[in-house]
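Novice: Okay, handing you the structure first.
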Amino acid sequence: MSSLRTYDEKRDFKQTAEPKGGKKKSAGKQHIFVIQRHHASRLHYDFRLEVDGVLKSWAVPKGPSMNPSDKRLAMQVEDHPYDYKDFEGVIPEGNYGAGSVYVWDKGSYELLHQDGSSFDKEAGKEIKEGNLKIRLKGRKVKGEFALVKMKNTDDNAWLLLKHKDDYAVKGAYNSEDFTPQRVKDKGVKEKEKMKAESKKKPHR
Ligand code: MN
């Protein structure tokens, strides 16, 4: 079974402009990450890592932090197709994840540990074990991070943690401070539009 089946099932591609696409890889040995600001019913940030031709995905309600003392909840969600890395725009009202999507940061990433096995194998293993250690090379997020699965709790709950390194910051870190005002305004506007539209339609 393709790991993209859940992604496909949740979406009506006649209505949403989100990519359907199957597996694809970055050129060469590079692996990419993307963080998308998603102003849906609740604002959150989607953190995605290319592994074996798809984007492993986590929804981070508060967004990433560059402060190592922050523990950011990251709920693992369905794998997304590789092409989703470039998706920006509005998912229309009534659809899964309705709201605006903005590419907040992107770049390549590396594994901190890779002994012998291929990148995809190692990444897959660390995700399975619930302990993934990576180095992000983005414009906003940089340096070492860990994604650690929480024990004795909801199956999909992970923590996104910044490691102490030269890129780490002290003090409060709010990803919204690094979001352009026009993007914030558009998100609010689209939400208001959707609210108005849903009032016109009969309840489903
Ligand atoms: Mn989302």
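Novice: In the neighborhood of Leu159, defined by Cβ-to-Cβ distances under 9 Å, what is the net charge if each Lys or Arg adds +1 and each Asp or Glu adds -1?
Specialist: Spelling it out: positives minus negatives among the neighbours equals +3.
Novice: Ordered by packing density, taken as the mean number of other Cβ atoms within 10 Å over each peptide's residues, highest first, how do 4-11, 130-137 rank?
Specialist: Result, highest mean first: 130-137, 4-11.
Novice: Starting from the Cα of Asp8, step 7 Å toward the Cβ, then list every residue of segment 70-114 with an amide N under 19 Å from that point.
Specialist: Only 78-85, 96 pass the distance filter.
Novice: Hey, how many Å between the Cα centroid of segment 126-204 and the Cα centroid of segment 1-79?
Specialist: 10 Å
Novice: Mind scanning Lys121/Lys164; Lys62/Lys189; Lys133/Lys170; Lys23/Lys142; Lys133/Lys164; Lys140/Lys162 and naming the pairs with a C-alpha gap bigger than 24 Å?
Specialist: Over 24 Å apart, Cα to Cα: Lys121/Lys164; Lys23/Lys142.
Novice: May I ask for the net charge around Leu132, where only other residues with Cβ less than 11 Å from the Cβ of Leu132 are counted and Lys, Arg are +1 while Asp, Glu are -1?
Specialist: Spelling it out: positives minus negatives among the neighbours equals +2.
Novice: What is the angle, in °, between the Cα long axis of helix 119-129 and the longest principal axis of the Cα atoms in the chain? Nearest 10 is fine, range 0 to 90.
Specialist: Roughly 80 degrees, rounded to the nearest 10.
Novice: Report the relative contact order of the chain, percent, no decimals, based on alpha-carbon pairs under 8 angstrom and at least 6 residues apart.
Specialist: 21 percent.
Novice: With springs only between Cα atoms under 10 Å apart, run a GNM on the chain and tell me which of Pro19, Pro180, Pro68 wobbles the most.
Specialist: Judging by the Gaussian network model, the answer is Pro180.
Novice: Still on this structure: Would you work out the charge dipole size for the chain about its Cα centre, treating the Cβ of every Lys and Arg as +1 and the Cβ of every Asp and Glu as -1, and quote it to the nearest 20 debye?
Specialist: That gives the chain a dipole magnitude of about 520 debye.
Novice: Taking R0 as 30 Å, what FRET efficiency do you get between Val148 and Gln181 from their Cβ-Cβ distance, rounded to the nearest 0.05?
Specialist: 0.35
Novice: Return one number: the angle in degrees, 0 to 90 and rounded to the nearest 10, between the long axis of the Cα atoms of helix 181-200 and the longest principal axis of the Cα atoms of the chain.
Specialist: Result, in degrees: 40.
Novice: May I ask you to work out the translational diffusion coefficient for the chain at 4 °C, viscosity 1.567 mPa s, via Stokes-Einstein with Rh from the Kirkwood sum over Cα pairs, reported in whole µm²/s?
Specialist: The estimated diffusion coefficient comes to 73 µm²/s.
Novice: How much of the pair distance distribution for segment 83-149 lies past 21 Å, counting alpha-carbon pairs only, in percent?
Specialist: Of the Cα pairs, 44 percent sit more than 21 Å apart.
Novice: Just want the answer: with Cβ charges of +1 for Lys and Arg and -1 for Asp and Glu, which residue in Ile91, Gly138, Leu73 is farthest toward the dipole's positive end in segment 72-204?
Specialist: Ile91
Taken together, the values in this text are just the output of simple stated rules run on the coordinates, not laboratory data. All of these numbers come straight from a predicted model, not from anything done at the bench. FYI the Cβ positions are ideal-geometry reconstructions off the backbone, even for glycines, and counts take in every protein chain you see.
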